[in-house]
Amino acid sequence: MPTLVIDDQKVTVDPGTTIIQAAKKLDITIPHYCYHPRLKSVDMCRMCLVEVKDIPKLQTACSTQVRDNMVVFTNNQKVLDARRSVLEFLLINHPLDCPICDKAGECMLQDFYFQFSRHTSKFKEKKQKKHKVVNLGPKIVLDSERCILCARCVRFLKEVVGTEELGIFDRGDHSEIGIYPGRPLENNYQGNLADVCPVGALTAKDFRFACRSWFLCQENSICPGCSTGCNVLVHSSERSYDKTLRRVYRLTPRDNDEVNQSWLCDVGRYGYHFVDDPDRLTAPSLKRGEEYVKVDWDTAFREVAQRLRGIFERYSPSSLGIIPSPQLTNEDLYMVKKFFNETLCITNIDFKLPGWNQGQGDGFLLKADRNPNTMGAELLGLSGIGPQAGEIIEKTRLGEIKALYLVGSDPARYLGEEKIASALSRAQLVVFQGSNYNYACKFAHAILPGATFVEKEGTFTNAQARVQKINQALRPLGESLPDWKIILGLALTMGYYFPYKAAEDIFKDIAREVTGFSGLDYKKVGDKGIKLALSGG
Amino acid sequence: MPELVLTKNVGKKDSHTLGIYEQGGGYQALKKALLEMKPEDVIKEVDKSGLRGRGGAGFPAGKKWSFIPKEAPKPKYLTVNADEGEPGTFKDRVIMENDPHMLVEGSIITSYAIGIYQAYIYVRGEYTRSISRLEDAINEAYARGYLGKNILDTGYYLDMAVHPGAGAYICGEETALLESLEGKKGQPRMKPPFPAIVGLFQGPTVINNVETIACVPHIIKNGGEWFNNLGAPGVGGGIKLFPVSGHVKKPGVYELPVGTPLREIIYNYAGGVRGDKKVKAVIPGGSSAPVLKVEEIDVKMDFNSLAAIGSMMGSGAIIVMDEDTDLVKTLRILIKFYAHESCGKCTPCREGTGWMAKIITRIEKGQGESSDLDALLDIANGIRGRTLCPMGDAAAMPVQSFVTKFRGEFEDYIKRG
Amino acid sequence: MSKGLEFSKKTKERLQAIVAKYPEKGAALLPTLWLAQREFSAITPEVEEYVAGLLGLSLVRVHEALSFYTMYTPQPLGKYHIQLCTNISCSLLGAEELLAYLKKRLNIEAGETTPDKKFTLSTVECLGYCGTAPVMRLNETFYENLTENGIDQILRKLP
Ligand SMILES: Cc1cc2nc3c(=O)[nH]c(=O)nc-3n(C[C@H](O)[C@H](O)[C@H](O)COP(=O)(O)O)c2cc1C
Ligand code: SF4
Ligand code: SF4
Ligand code: FES
């Protein structure tokens, strides 16, 4: 294995490693633009030039492979001169847009200019005029004047997505990024373009002018959009900066070699708007006549507990049905199972509504199963105990099930409104627990507001059986609570005590009791997750 | 004067046809190579000849061929560089129009030597006559069994085709040429991998200039040593075509020994300066080569001598400027050319050439400022040695040499306003 | 793809022969664009789509090439396309004066076409005829050692 010296520090790396990667091992960042760790090197921007001892010309760190005994300087005068000069070239035709640019604060041009250049421009000529505010498709806007022609966007689509939807047209300093005229972007990965663009040339419509990036907090999480479970950063703020009252501003991908590399699909990326949607359920409510009245949690729990007990006493556990959702965390689902099945002995529990996993996959990240925790629900035993969810609805329609408790699920989405209306209108008790209004709420006698994935902590288990952690980025909206806490409260009201204070406590019990999870440590799930060792695949 | 080698048929009637070419001994070298020589021997002979690339970089041809791996997972290719776009250069066209079979024969021998079965000749799109002459010559060669299957009954086979360019100087750069041949825009590739290992269609590829390849039949016919000795005494390296243009009485392509003094070419062959004016400046190797002052024109026209005085042989194209030449305008023309032809792939060349063009245009219009000359040099320094392909240097060198060597004239121009 | 746009039978045969020269179809893009430009007189968007379809290339790739190479034209030019070299050797021998003369004679600027669509005037980089400068290319014919008088004669003889 070659050993080399970079800025007086020794490092040993695998053969074939490039200088830029070797330097990273030493925590030396070599400035770059066109280089992207997940794309092929192209040597275009020339920002990464470094000196290699005994080679007269500066070398590109992004593509030059290390050799044994190589001596590299990343910060001597010769290198700094070249870097300053490349920055000057990149800036001569760059507009003074920073005050109105969405990328400000996370722009590689702005950052490296402040770090290495701060020159006053000797450029006295007219800047090159190019197209501004070019609509590239439904998600992305291009400002060609800001573009530094690093071709990351072009290469991302070509190498990762496999579409040649973007190109660089013309040549010399007239070169411009673009789509073929009249052929807007259609792929499901457009959002990544705004991420790979090192400057503010490609911006996401969803984020344009919404908020300055430095006002936002970032929290590690998992995309709830499908069973891939892409690793994300949630960018949010308790205070809303725009008129939509959103608190979540965007999801961006977080690196995970095993799951999503550095990418997110658009379905998942832009799927977060339900978090601050006006249809959020924010207070426990009870139906009084035709009206719903807001009540405090104690009142809600007491009423639900009393009515559940009434049905129990009059009939049997088989007159109760529970339909949880594979959108819930492992911890939520564990509580559902623990309380309703193991404690109350209800066996009409199932999450598999007909068609629940039959979306459209795209062969890359997006899976047909649009639930982040199907595997968890499966492993925790929330299916196969009794009848399937569809039958539970049917039994409700037939009057065999008198009380239906929905935890996050939306049966009308799969079975249609008519079917749900005819079933739920026959039940003596319908409890809806969840974050957003759906059709089933129309028939609910009690509505218990649940927190969304950004408002709670916990874990999901993705389709590859990787347990991954979501963290709380925001306070639960209104009086909503994490689902496990709601069930905990209801149980307590009914006289059953579970000693859980945090998702972590539940996880400990999961690790103790559930095959597949055994021996897992919540802390060790970490930021990248842990793959379960399942026998038989 | 020794007998002409490359240009002996120029001007002869129907010199481009197979019949005339064969009458003059054409395709004898091919027969010798295929029937009497092993491929390695061909390479050895070319190595001995001291033949260095005539396209600009002057790389020894035999050595270049020896880099091609014998065994490769992908087919190997020969691509002949007939993009001839360097301002001042018009020598390859003279070969292609007058003696296309010389290039075809050279290409077959070269391919045989390296174990290549497909050759392409990349001709710039403007050269319509060269393209049709080459296509005709290739067809004739197929018909006569010099191309195609089982050439001269040796079992060796080779296909050859002409690929037309479409207007882009950068396609003369070898890796841009490969991209263009693959049907893409002509932007240079990064190196490594070098074309000798991963080139056209991913296969090992030799790229040589037209004139380089045209020398090959003669080397094979008469021997490497013979060719080497055609160069000036003590210099060697054979003969070379020198296209001479600008303010000379008799512009044209002159075939002369490598190492002939520049002054001799200008005065003895090209007839001296028009109107018997004085020389002010000479570009010795195509527009990219640093300009020479009149005091420097005793230099010998060979790779090392020109490099020793900070210029280069390049394509060997000599552009003569008389004492009345407006160097501001001339430099503006050159810079605008590079700005227009920059492929745009890498930052310093893309941005720097455009910036320099704007400055020199402003100076020419009389709006120059005293700081502009240093700005030009600073930009040129910022490009030099830092680009993806040698085009950056090609654009920087004229600026550096013009502004440094003739600074007084530029300053006066700016002062006059 | 727009209907009706199609190569003639002869051109199709030529295209087949061209494509056969390369191990990858896409490599035939430049020669195919040449065929298309000769047959349809310009590479319009419909032509781009046709060529992309013929060679199995993305529209972006075709459009990149079209915009990169200077000899392809997206719009039809005049019947006679005059390309005057204004690079160094031609300019040393008066190309810029000839340009002024041509502009005046045709009453258009470089890059323009006369209203009767007879002439398009362009300036181009070095054409490789420096030894017989100044030079212009009129459609596919080169005229060397140009003078104002010579230009007059050439233009007068054109049908
Ligand atoms: C910008 C640029 C333009 C070039 N143009 C040509 C050209 O028109 N013809 C040519 O033979 N070589 C040209 N070259 C040189 C080629 O890259 C390459 O070195 C040459 O074709 C190799 O052939 P040779 O070894 O026989 O000279 C050019 C190089 C650069 C950087
Ligand atoms: S738009 Fe952004 S990613 Fe694309 S080339 Fe320009 S700077 Fe690079
Ligand atoms: S130096 Fe110029 S021509 Fe060469 S790759 Fe860079 S931009 Fe293109
Ligand atoms: S990061 Fe190396 S050339 Fe751009």
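Quick notes
- Restraint check, B:64/B:293; A:40/A:139; B:76/B:300; B:149/B:191; B:31/B:76, Cα-Cα greater than 31 Å: B:64/B:293; B:76/B:300; B:149/B:191
- Residue A:14/residue A:219 FRET efficiency (R0 35 Å; Cβ-Cβ; nearest 0.05): 0.55
- Percentage of interatomic Cα-Cα distances in the stretch C:80-156 larger than 13 Å: 61 percent
- A 1.4 Å probe, protein heavy atoms only, puts the accessible area of residue C:71 near 20 Å².
- For the stretch B:18-228, the share of DSSP beta bridges that are antiparallel, to the nearest 5, is 10%.
- Of all DSSP beta bridges in the protein assembly as shown, antiparallel share, percent nearest 5: 60 percent
- Cα-based helix-to-principal-axis angle, B:391-405 vs chain B, degrees rounded to 10: 40 degrees
- Chain C has equivalent-ellipsoid semi-axes of 34, 17, 14 Å, by the square roots of 5 times the alpha carbon gyration tensor eigenvalues, sorted largest first.
- For the stretch B:327-416, relative contact order (Cα pairs under 8 Å, six or more residues apart, normalised by length) works out to 34 percent.
- Just so you know, the Rg over Rh for chain B is 0.98, from Cα atoms, with Rh as the Kirkwood radius.
- Where B meets C: accessible area buried, both sides, 1.4 Å probe, Å²: 3600 Å²
- Modelled spin-label separation between residue B:41 and residue A:26, with each label point placed 7 Å from Cα along the Cα-to-Cβ direction: 5.4 nm.
- Ignoring the sites themselves, chain B has its longest run without trypsin sites (Lys or Arg not before Pro) in a DSSP loop having at most 11 other Cβ atoms within 10 Å at B:279-417.
- DSSP-defined beta bridges in the stretch A:3-90 - what % are antiparallel, rounded to 5: 80 percent
- Each of residue A:291 and residue A:133 was given a label point 7 Å from its Cα along the Cα-to-Cβ line. The distance between the two points is 4.9 nm.
- The stretch B:18-228, relative contact order [Cα under 8 Å, separation at least 6], %: 32 percent
- Amide H contacts of residue B:292 (H built 1.01 Å from N, under 5 Å, at least 5 apart or other chain): B:282, B:283
- Sites residue A:76 and residue C:9 - FRET efficiency at Förster radius 51 Å, r taken between beta-carbons, to 0.05: 0.15
- Per residue, the convex hull spanned by the Cα atoms of the stretch B:18-228 measures out at 111 cubic angstrom.
- Space enclosed by the convex hull of the alpha-carbon atoms of the stretch B:199-356, per residue, Å³: 146 Å³
- Long-range tail of P(r) for the stretch B:119-271 (Cα pairs > 18 Å, %): 71 percent
- Normalised Debye scattering of the stretch A:81-217 at q = 0.18, 0.20 Å⁻¹ gives log10 I(q)/I(0) of -1.07, -1.27, counting only Cα atoms as equal scatterers and leaving out solvent.
- Accessible surface of the stretch A:467-511, 1.4 Å probe: 53 percent of it comes from carbon and sulfur atoms.
- Computed over the stretch B:350-410, the Cα gyration tensor eigenvalues convert (square root of 5λ each) into semi-axes of 20, 12, 9 Å, ordered from largest to smallest.
- Cysteines without a disulfide-compatible neighbour (Cβ-Cβ under 4.7 Å), chain C: C:126, C:130
- In plain terms, the chain from residue B:136 to residue B:202 could stretch by 20.9 nm, reckoned as 0.36 nm per residue minus the Cα-Cα distance.
- Ellipsoid equivalent to the protein assembly as shown - semi-axes via the Cα gyration tensor, in Å: 71, 31, 28
- The stretch C:9-68: C-alpha gyration tensor shape, a/c 1.5 cut-off, then a/b vs b/c: oblate
- Measuring r between the beta carbons of residue A:120 and residue A:360 and using R0 = 45 Å, the FRET efficiency lands at 0.25.
- Straight-line cross-link partners of residue A:10 among the lysines, defined as a Cα under 25 Å from its Cα and at least 8 positions apart when in the same chain: A:24, A:25, A:53, A:57, A:78.
- Relative contact order of chain B, taken over Cα pairs closer than 8 Å and 6 or more residues apart, is 16 percent.
- Dividing the summed helix terms, -39500 (n - 2.57) for each DSSP H run of n ≥ 4, by the number of residues in the protein assembly as shown produces a 222 nm estimate of -9000 deg cm²/dmol to the nearest 500.
- Crossing angle, helix B:407-416 versus chain B [Cα axis fit, 0-90 degrees, rounded to tens]: 50 degrees
- A straight line joining the Cα centroids of the stretch A:72-98 and the stretch B:353-383 runs 19 Å.
- For the residue pairs B:8/B:38; B:63/B:185; A:338/A:456, the C-alpha atoms sit more than 27 angstrom apart in B:8/B:38; B:63/B:185.
- Environment charge of residue B:61, counting only residues whose C-beta is closer than 14 Å and scoring Lys/Arg +1, Asp/Glu -1: +3
- Just so you know, the Cα atoms of chain A work out to an Rg and Dmax of 27.5, 91 Å.
- Couplings 3J(HN,Hα) of the stretch A:344-360, computed from phi: 8, 6, 7, 10, 7, 10, 6, 9, 8, 5, x, x, 4, 10, 10, x, 9 Hz, in residue order, whole Hz [Karplus 6.51 cos²θ - 1.76 cosθ + 1.60, θ = phi - 60°; x for Gly and Pro].
- Pairs of Cα atoms in the stretch A:201-286 fall into 10 Å distance bins, from 0 up to the last occupied one, in shares of 16, 46, 30, 7, 1, 0 percent.
- Cα pair distances in the stretch B:49-104, grouped into 10 Å bins until the bin that holds the longest one, percent each: 18, 42, 33, 8, 0
The values are calculated or read from the model by the stated rules, or taken from the named source; none is laboratory data. Small disclaimer: the values here were computed from a predicted structure and weren't measured. Cβ sites come from the backbone with ideal geometry, for glycine too, and all protein chains shown count toward neighbours. These area figures cover heavy atoms from the full protein model, side chains too; ligands, DNA and RNA do not enter into them. Shrake-Rupley method; radii C 1.70, N 1.55, O 1.52, S 1.80 Å.
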